[in-house]
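Here the structure comes first, spelled out in structure tokens, and everything after it is commentary.
The values are calculated or read from the model by the stated rules, or taken from the named source; none is laboratory data. Predicted model, so just to flag it, every value in this text is computed and none were measured. Glycine also receives a Cβ, built like all others from the backbone with ideal geometry; neighbour counts cover every protein chain displayed. For the accessible areas, the whole protein counts, side chains as well, though only heavy atoms, and no ligand, DNA or RNA atoms are used. Shrake-Rupley method; radii C 1.70, N 1.55, O 1.52, S 1.80 Å.
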Amino acid sequence: MRKYLIYLLFYVLSTLSTFSQTNILFIESDDQSNQAIGAYGNTFMVTPNLDKLAEEGTSFTAAYNMGCWSPAVCIPSRTMLMYGKYLWKSQKINKQNAPKSFPEKLHNNGYHTYITGKWHAMGKSVKNIFDETGTIQPGQLKTYNSPAGHITDITANEAINFIKNYSSKKPFFAYVAFNAPHVPRQTTQNYYDLYPVDKVKLPPSVVDNTPLNTNVKYQYTNNPLSAKTMQKRVQQNNAMVTHMDTRIGDIINTLKEKGIYNNTIIVFTSDHGINFGENGVAGKVCLYEPSVTAPLIIKAPTVKQNNKITARVYLQDVVPTLFSLLKIKDKEATDFKSLMPLLINSKKTRESIYLAMFNDQRSIIHKNNKLILYPKTGTIEMYNLKKDPWETNNISAIKRNQKTIKDLLTRLKKWQIKTDDETDLSIFYNQYN
């Protein structure tokens, strides 16, 4: 009897401890690069609410998506996020073999889980993962202007209503997945007016009237590249982001009005970025920085404010980081790493970053050196990201860099083994043996 009472007391205390945990608001956009947020250095952007969030939390300025097996890059990105498996392991996930997703793990630790917006991940269905669902949007919209209103507004309004009406004693996990700023880039004229096309400045890696990059298979523009076309796309993209930022502000204000803002962890991220002409690419199926990086902001009661971390991480590292912040022990193995060492004492969590697109692009980054390989053409590129952040100067042919290239290839081979990457890169390994 005594053992039973002790067990009961332990259960009650652990349950009360769980219920007192912090709420989580997890906001994710689609196709948003680091250039499309003011807090990341682009003063042309109008994103006051995201900028404020970065000011009140920590932003990671070099957060990477590992890559893709699909031209819809969001599918691999979100599948990795949900299940915590590296790229090629995530590719094998289906409804039958899907491991426990991170919303399910939160549910098992006392959370009520909710989703509204875009769903585009492999594995289990939304209703088998979340306790409650709002309107689930497809990965690719035909239009944002639905009979019920603009899709960005629908997603935001449903998130607001969920927070306003939430009355359970359990903490909540609200996954708010905007389709914006993904195509079709449709919003109202007042947002377009904020970004006059002739005022849009393109980075130095965009060169007008040049051939598209032939090493990148999926290109979404005519050849040769038109700077004016890219300016128009950036205008539309930025307008979509500002519309979304306005509604994110409304969601955050709802937390404040309800008195739970200070007891809510807020994460803002995107599944990946996108190239608007940089390096001759119009699209996102490439390994250049605008496409493989995306914003990652964490605001939490215990996270340092107005803090920028430049160490290279993976976007999906945010999940084990959340578990660390909440002191939840994840008994199941995850390939991604908690960012707490960086948040606490600036210790790096990764020595290198591995990137992959299909079987025709591979990259490795160590320190500031980035190597990009195209095994189908034998092309090799190397950039110093500190001196050349826009990747305009390929330094792979410089003799003094050959030793560095060899070292990078050694690291890449280790990553191939770690990630079950079977792509044949012997053409490069043999060349620098």
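Check Asp330: other-chain or 5+ apart residues with amide H under 5 Å from its amide H, H built from backbone geometry?
Sorted by chain and number, the residues that satisfy this come to none at all.
Output wanted: per-residue J couplings in Hz (rounded whole) for the stretch 112-127, from phi through Karplus 6.51 cos²θ - 1.76 cosθ + 1.60, θ = phi - 60°, x for Gly and Pro.
8, 9, 9, 9, 9, x, 6, 10, 8, 10, 7, x, 5, 6, 4, 5
Using the Cα centre as the reference, give the magnitude of the dipole from point charges on the C-beta atoms of the stretch 32-153 (Lys, Arg: +1; Asp, Glu: -1; all else neutral), rounded to the nearest 20 debye. Numbers along the way, then the final one.
Details: 12 positive and 7 negative charges, 150 e Å.
With only Lys, Arg, Asp and Glu charged at Cβ, the dipole is about 720 debye.
Given 37 °C and 0.692 mPa s, how large is the Stokes-Einstein diffusion coefficient of the chain in µm²/s, with Rh as the Kirkwood radius over Cα pairs?
Working: Rh = 22.5 Å.
It diffuses with D of about 146 µm²/s by this estimate.
Send over the per residue convex hull volume for the stretch 317-398, Cα only, as a whole number of Å³. Numbers along the way, then the final one.
Values: hull volume 10.1 nm³, N = 82.
Each residue corresponds to 124 Å³ of Cα convex hull volume.
Determine ³J(HN,Hα), in whole Hz, for all residues of the stretch 366-371 in sequence, where each value follows from phi through the Karplus function 6.51 cos²θ - 1.76 cosθ + 1.60 and θ = phi - 60°; x replaces Gly and Pro.
9, 6, 10, 9, 10, 10
List the relative contact order of the chain as a percent without decimals, with contacts defined as Cα pairs under 8 Å and 6+ residues apart.
It rounds to 22 percent for the chain.
What does DSSP give for the chain in terms of the percent of beta bridges that are antiparallel, rounded to the nearest 5? Walk me through the intermediate numbers first.
On the way: 29 of 58 bridges.
Given both bridge residues lie in the chain, the antiparallel proportion sits at roughly 50 percent.
Please compute the modelled spin-label separation between Lys418 and Trp390, points set 7 Å along Cα→Cβ, answer in nm with one decimal.
Between Trp390 and Lys418, the simple spin-label model gives 3.2 nm.
Taking amide H positions as placed in the peptide plane 1.01 Å from N, state which residues far from Lys118 in sequence (5 or more) or on other chains have amide H under 5 Å from it.
Hits under the 5 Å cutoff: Gln137, Ala177, Phe178, Asn179.
Roughly how many nanometres apart are two label points built 7 Å out from the Cα toward the Cβ at Val207 and Lys258?
Spacing of the two 7 Å Cα→Cβ label points: 5.2 nm.
Considering the options Thr210, Gln186, Ala174, tell which one lies farthest towards the positive end of the dipole of the stretch 164-214, charges being +1 on Lys and Arg and -1 on Asp and Glu at the Cβ, about the Cα centre.
About the Cα centre, the residue reaching furthest to the positive side is Ala174.
Put +1 on the Cβ of every Lys and Arg and -1 on every Asp and Glu Cβ in the stretch 76-142; which of Ile93, Tyr111, Thr135 then has its Cα farthest towards the positive end of the dipole?
Sorting the options by dipole projection puts first Ile93.
Roll a 1.4 Å probe over the protein heavy atoms and report the accessible area of His107 in Å², nearest 10.
For His107, the solvent-accessible surface is approximately 80 Å².
Please give the per residue volume of the convex hull enclosing the alpha carbon atoms of the stretch 257-406, rounded to a whole number of Å³. If you can, show how the numbers build up before the last one.
Details: hull volume 24.2 nm³, N = 150.
Taking the convex hull of the Cα positions in the stretch 257-406, it is 161 Å³ per residue.
Positive end of the charge dipole of the stretch 277-343 (Lys, Arg +1 and Asp, Glu -1 on Cβ, about the Cα centre): tell me which of Phe336, Gly283, Leu326 has its Cα farthest that way.
The listed residue farthest towards the positive side: Leu326.
Measure up Lys124/Lys331; Lys169/Lys337; Lys105/Lys418; Lys142/Lys337 against 27 Å on the Cα-Cα distance and list the ones that go over. Spell out each step's value before the answer.
Working: Lys124/Lys331 20 Å; Lys169/Lys337 30 Å; Lys105/Lys418 25 Å; Lys142/Lys337 36 Å.
Over 27 Å apart, Cα to Cα: Lys169/Lys337; Lys142/Lys337.
Can you give me the relative contact order of the stretch 96-164 as a percent, contacts being Cα pairs under 8 Å and 6 or more apart? Don't jump to the answer; show the numbers that get you there.
Details: 64 pairs, mean separation 19.2, N = 69.
Dividing the mean separation by the residue count of the stretch 96-164 yields 28 percent.
Pick from Ile129, Ile417, Ile353 the residue whose mean-square fluctuation is largest in a GNM of the chain, springs joining Cα atoms under 10 Å.
Sorting by GNM fluctuation, first place goes to Ile417.
How large is ³J(HN,Hα) for each residue in the stretch 378-394, as worked out from phi by the Karplus curve 6.51 cos²θ - 1.76 cosθ + 1.60 (θ = phi - 60°), to whole Hz, x for Gly and Pro?
So the J values, rounded to whole Hz, are x, 6, 10, 10, 9, 9, 9, 5, 6, 7, 9, x, 8, 6, 9, 10, 6.
Could you sort out which of Lys92/Lys406; Lys118/Lys217; Lys52/Lys308; Lys367/Lys387; Lys348/Lys370 sit more than 23 Å apart by Cα distance in this structure?
Long pairs (Cα-Cα over 23 Å): Lys92/Lys406; Lys118/Lys217.
To the nearest 20 Debye, how big is the dipole of the chain about its Cα centre, given +1 on the beta carbon of each Lys and Arg and -1 on that of each Asp and Glu? Don't skip to the end; give the middle numbers.
Working: 53 positive and 34 negative charges, 275 e Å.
It comes to approximately 1320 debye.
Could you let me know the centre-to-centre spacing of the stretch 91-144 and the stretch 151-203, using Cα atoms, in angstrom?
Cα centroid of the stretch 91-144 versus Cα centroid of the stretch 151-203: 19 Å apart.
What nm distance separates the two modelled labels at Asn223 and Thr377, each placed 7 Å from Cα along Cα→Cβ?
My value for the distance between the label points is 0.9 nm.
Given Cβ point charges of +1 (Lys, Arg) and -1 (Asp, Glu) and nothing else, what value in debye, to the nearest 20, does the dipole of the stretch 216-353 about its Cα centre take? Walk me through the intermediate numbers first.
On the way: 19 positive and 11 negative charges, 44 e Å.
The calculated dipole for the stretch 216-353 is roughly 200 debye.
Just to make sure I understand: if all protein chains stay in place, what is the order of Ile75, Ile37, Ile344 by accessible area at 1.4 Å, largest first?
Working: Ile75 30, Ile37 0, Ile344 125 Å².
Per-residue accessible area, sorted high to low, gives Ile344, Ile75, Ile37.
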